Amino acid sequence: MNEQDIDTTTPNVARVYDYYLGGGANFEADREFANKMLAILPEARIAAIANRRFQGRAVRFAAQQGVRQFLDLGAGIPTAHPTHEVARAVHPDAKVVYVDSEPIAAAHGVRKLSGDERAISVRARLQDVDEVIEKAGELLDFTEPVTVMALAILHFVPDEEDPDGILARYAAATVPGSHAVVSHATAEGAAGMRTAAVAARYTASANRSGHLRSKERFTAMLTPYELVAPGVVWTKQWRPDDPVEAEDPEASAMYAAVGRKR
């Protein structure tokens, strides 16, 4: 990672998300931006935590279905309970490829995974599907099931970049029995107007634009997969370990789903 690649003066979504989760890989500009967003939408931190918890439950579920390979797109900065640790609690031999375009996120991944022969971090845009598959193929065997993960990242992909087509291409690169774990921000729900205001601020001030989508629109993106029960729900509602976790589900501000490739 070259120093010139890092802009510490402009808020970065990966680092802002890290701050919401209580991480330390963020800068003053990220914290200042995040605190302004929290003033508009206090649920933003709740949403980040709920999304992380959904991720853990979904990874565990996929591993319990026998999947031992995971492709974590837009993985962000490694925090507590990363994908490889959750998956290996089920399958000690699980392999994980983390993908992120943000230089600090990718560098933290490389550092955290140093010496781990079954997990790597690569710097790439999830939109560059061929590049990602090629790099991931250095570790993952795409003739065996792979769980493709896109957590809180597709809402940064505008319609003109075809998020549906991107997800479909990843699905096409995997074999039956593979899974997808996906979550997406929405303006629906009790916090909808404030969530939309935050998305507008991201577009104006951070380095990625936010594109909130409806439940119907999000469900259509998952067409390549057969949805696992309970289908598309708020992140808090997807198979919670404790009923208390599912309380006030709309505060999670994101829909979530797990799909299985037919």
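Tabulated data
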item	result
Residue match in the range 7-15 (condition: at pLDDT below 90, buried (at least 23 other Cβ atoms within 10 Å of the Cβ) and not in a helix (DSSP H, G or I))	yes
The listed residue being part of a loop (DSSP other than H, G, I, E, B) and either among the aromatic types (Phe, Trp, Tyr) or more than 22 Å from residue 30 (Cβ to Cβ) (or both), out of 229, 251, 256	229
Candidate set: the range 231-262, residues that are touching a Pro at 6+ places or on another chain (Cβ under 8 Å) and more than 12 Å from residue 54 (Cα to Cα); chosen: the one surrounded by the fewest Cβ atoms within 10 Å (Cβ to Cβ)	262
Subset of the range 159-198 (residues that are surrounded by fewer than 21 Cβ atoms within 10 Å (Cβ to Cβ), modelled with pLDDT under 95, of a type in the set (A, V, I, L, M, F, W, C) and in a helix (DSSP H, G or I))	193, 196, 197
Check on residue 62, more than 17 Å from the chain's Cα centre (by Cα), in a helix (DSSP H, G or I) and among the small types (Gly, Ala, Ser)	no
Residue, modelled with the lowest pLDDT, within the range 16-46, restricted to residues that are more than 16 Å from the chain's Cα centre (by Cα) and within 13 Å of residue 102 (Cα to Cα)	25
Residue list for the range 128-153, filter: among the aromatic types (Phe, Trp, Tyr) and either touching a Phe, Trp or Tyr at 6+ places or on another chain (Cβ under 7 Å) or crowded, with 16+ Cβ neighbours inside 10 Å (or both)	none
Pairs where the first residue, in the range 96-109, is within 22 Å of residue 67 (Cα to Cα) and without any contact (Cβ under 8 Å) to a residue 12 or more places away in the chain and the second is assigned to a strand (DSSP E or B) and hydroxyl-bearing (Ser, Thr, Tyr), C-beta under 9 Å, 6+ apart	none
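The values are calculated or read from the model by the stated rules, or taken from the named source; none is laboratory data. In this text the structure is predicted, and so the values were computed from the model without any measurement. Quick reminder, even Gly has a Cβ in these numbers, built from the backbone with ideal geometry, and neighbours come from all protein chains shown.
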